Structures are given as C-alpha cells and as structure tokens.
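See structure below.
The values are calculated or read from the model by the stated rules, or taken from the named source; none is laboratory data. Note that the structure is a prediction, hence the values are computed from the model and not measured. Counting neighbours? That spans all protein chains shown, and the Cβs are built from the backbone with ideal geometry, glycine included.
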Amino acid sequence: MISIYSISALIAAYLLGSIPTAVWLGQAFYGVDVREYGSGNAGATNTFRVLGKKPGIVVMTIDILKGFTATKLAYLIGLSVTGPKYSAQFVNYELALGVIAVMGHLFPIFAGFRGGKGVATLFGMVLAVNPWAALLCVSVFVTVLLISKYVSLSSICAGFTFPLGTVFVFQSSVKAEVLYSICVCVLILVTHQKNIERLLKGKESKVYLFKKKQG
C-alpha cells in the first residue's frame, strides 16, 4: 500500500544517498574534487587514494551511515503499512529504501549525478537488514584487503560472499532478501568493470592502510 509516509521515506532515502560525502569533504577541506583524480569516483576508495587515510575513513563511515539510516526509515512508515517488524513485507520496505539510497549515491542530485560505486552505502544497507551477513562480508573484505592490498578485489569478493552467505550460511527464507543479495553481487561486478580490467592487466592501484608503500 502506497501512503504519503512511504513516498516521503523513499524521497528521504534518495536524498540521504545523494549526499556526496567525498566531493563535499574534498572541496571543503582540501580544495579538491576527488572525481577529477584517481579513478574518478566520488567514493571512499578514491578518497583513500587521493586524499589519504583519515578523510577516507570519514567518507567511508558517513557513506555506510547513509545506507544504514535510509534502510531504517522503514520504521517511520508505520507498521500498519509495512507489516510487523522483521516480517517479509517489512524487510521488503527496508530493501526498497536501501536500494533507493544506493541509487542516490550512484546518481547524486547534489553532485551532478556523478557519484561513487556504492559499496560503502550497500554495506550500510546490508548491516541494517542482516548484520550477521554484513559481518561475514566485512570479514572477507578485510582478509582479502590485507592479503592483496586491492580494495576493488576485496569489494568483489565480499559481494560474492553476500548471496552465498545469505543462502547457505544464514539460510534466509525471505525471497526478496535472497534476490537482493544476488543483485548486490551483480551490481558490484558491473560497477567494477574497469577495476577488473586493471586487475587482469596488473595495473590496479593498491591501498596500504597500515604502512606506506615501500620503494
């Protein structure tokens, strides 16, 4: 059922997702538009690459919060519309709001519709809907990152982990959640096509979180 509350929540979710954290932070504190450097994306990874660790962590944290907060707007719609908490219908509303927030991050109205790849915002959404699946994904992400130093490869591996974990580890019975987990994996692959090409050619940039690159 469509109500003024659900429409308002969808609009709010898009506007939350549209907050161009990397762009605003880079311009306000460094006089830099991160979209003009590195990979050209307005996301946490490129912020790490262009501006460094501290601004990268800030951007990543806020982008995660964007997805998490937008997803939790389902609580404001009203249980009479969404159904009981944690029911399939309620989860469907959470997923819809989270997806809209991710679309906002990819195509932000506040930054000329030139956004990032949405990985951090996607993670915030997963964290809101299924925190255990999110923990599994972040464990895979961190492990691969520590071994390979490639954020893109880590994101792709975490993306594959999400549907596999949802189906085989947590055995979710909510069809929309399973379908969404598959779509997340596909979306990450699509938005990382150039990264995959650079990985195959050995030209992808590495990120060193705990020490500076030697040589």
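State whether the residues of region 104-119 include one that is basic (Lys, Arg), surrounded by 15 or more Cβ atoms within 10 Å (Cβ to Cβ) and within 14 Å of the chain's Cα centre (by Cα).
Yes, region 104-119 has at least one match.
Pull up region 136-153, narrow it to residues that are more than 14 Å from the chain's Cα centre (by Cα) and small (Gly, Ala, Ser), then point me to the one that is nearest to Leu200 (Cα to Cα).
Ser148
Do we have any residue at all in region 67-79 that's outside any helix (DSSP H, G or I), crowded, with 22+ Cβ neighbours inside 10 Å and in contact (Cβ under 8 Å) with a residue 12 or more places away in the chain?
The answer is yes, given that some residue of region 67-79 is outside any helix (DSSP H, G or I), crowded, with 22+ Cβ neighbours inside 10 Å and in contact (Cβ under 8 Å) with a residue 12 or more places away in the chain.
Out of curiosity, is Ile57 surrounded by fewer than 18 Cβ atoms within 10 Å (Cβ to Cβ) and free of Cβ contacts under 8 Å to residues at least 40 places away in the same chain?
yes
Look through region 183-204, keep the residues that are more than 21 Å from the chain's Cα centre (by Cα) and part of a loop (DSSP other than H, G, I, E, B), and return whichever of them is modelled with the lowest pLDDT.
Ranking the candidates gives Lys203 first.
If you go through region 128-145 one residue at a time, how many are without any contact (Cβ under 8 Å) to a residue 24 or more places away in the chain and surrounded by fewer than 16 Cβ atoms within 10 Å (Cβ to Cβ)?
Qualifying residue count for the region: 5.
As an exercise: evaluate Gly124 against (1) more than 17 Å from the chain's Cα centre (by Cα); (2) surrounded by 19 or more Cβ atoms within 10 Å (Cβ to Cβ) and give the number of the one condition it does not meet.
(1)
Pairs please, first residue from region 154-165 and more than 17 Å from Val207 (Cβ to Cβ), second anywhere and hydroxyl-bearing (Ser, Thr, Tyr), Cβ atoms under 6 Å, 6+ apart in sequence or on different chains.
The qualifying pairs are Phe162/Ser181; Pro163/Ser181.
Test Leu122 against the stated conditions and say whether it is assigned to a helix (DSSP H, G or I) and out of contact with any helix residue (DSSP H, G or I) (no Cβ under 8 Å at 6 or more places or on another chain).
When the stated conditions are applied, Leu122 does not pass them.
Out of the residues in region 162-180 that are under 22 Å from Leu106 (Cα atoms) and at pLDDT 90 or above, state the one that is surrounded by the fewest Cβ atoms within 10 Å (Cβ to Cβ).
Ranking the qualifying residues of region 162-180, first place goes to Pro163.
Could you count how many residues in region 13-53 are assigned to a helix (DSSP H, G or I) and crowded, with 18+ Cβ neighbours inside 10 Å?
19
Which numbered condition in (1) surrounded by fewer than 21 Cβ atoms within 10 Å (Cβ to Cβ); (2) farther than 30 Å from Ser3 by Cα is the only one that Val151 fails?
The failed condition is (1).
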